[in-house]
Amino acid sequence: MTPAEHPQPNAPADPADPTGPGGRDEPDDPAAPADPAVELTPAAARLIRVLSAAHGPLMFHQSGGCCDGSAPMCYPRGEFRTGGSDVLLASLAVEGLDEPVPFWISASQYALWRHTRLIVDVVEGRGSGFSLEAPEGVRFLIRSRLVRRPAP
């Protein structure tokens with residue numbers, strides 16, 4: 001799947017699905033900005049700037065595996081190959097970086113989490129995956145918040 005075939009950042013993966021990324025807790029208001037599907041804590045944004053300085057442009061992939069497989073993995077952009085079983089959930093604007101950081105999620109995980117706002121955070125301790133932050137003694141993790149939209 002090409003990037004053009006993926007949903008726009010912070011937009012539903014399926015435009016007919018009003019509960020996809022960007023869903024809101026309150027009734028639709030055309031003047032209100034859409035809530036982001038993915039947010040960064042200040043600590044996560046700081047770490048992304050550090051990793052970007054060391055490794056260049058970055059990307060995230062969120063799979064649906066168990067244990068560390070359910071943690072967001074940060075890679076140099078293009079090192080993790082995405083395909084038709086992945087959804088571009090957001091392009092994260094990080095202050096101090098020239099390019100947004102794409103945040104991908106496996107389609108099967110998106111189907112389960114489409115009503116969830118993902119919040120990327122950082123905690124002390126090493127994960128056991130291949131994510132770039134492992135040598136820093138910290139790991140990314142996902143916090144979440146349920147997002148509901150009223151029935152049409």
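Worth a mention:
- Accessible heavy-atom area order of 133, 79, 39, 99, highest first, probe of 1.4 Å: 79, 99, 39, 133
- Close amide H pairs (under 5 Å, H built 1.01 Å from N) link residue 58 with 77, residues at least 5 positions away or on another chain.
- Radius of gyration and maximum dimension Dmax of segment 56-124, Cα, Å: 12.0, 33
- Under 13 Å, Cβ to Cβ, from residue 99 - net charge with Lys/Arg +1 and Asp/Glu -1: 0
- Rounded to 0.05, the FRET efficiency of the residue 53 and residue 111 pair, given R0 = 41 Å and the Cβ-Cβ distance, is 0.70.
The values are calculated or read from the model by the stated rules, or taken from the named source; none is laboratory data. Keep in mind that what you see is a predicted model, and the values were worked out from it rather than measured. Quick reminder, even Gly has a Cβ in these numbers, built from the backbone with ideal geometry, and neighbours come from all protein chains shown. These accessible areas exclude ligands, DNA and RNA; they are computed on the full protein's heavy atoms, side chains included. Shrake-Rupley method; radii C 1.70, N 1.55, O 1.52, S 1.80 Å.
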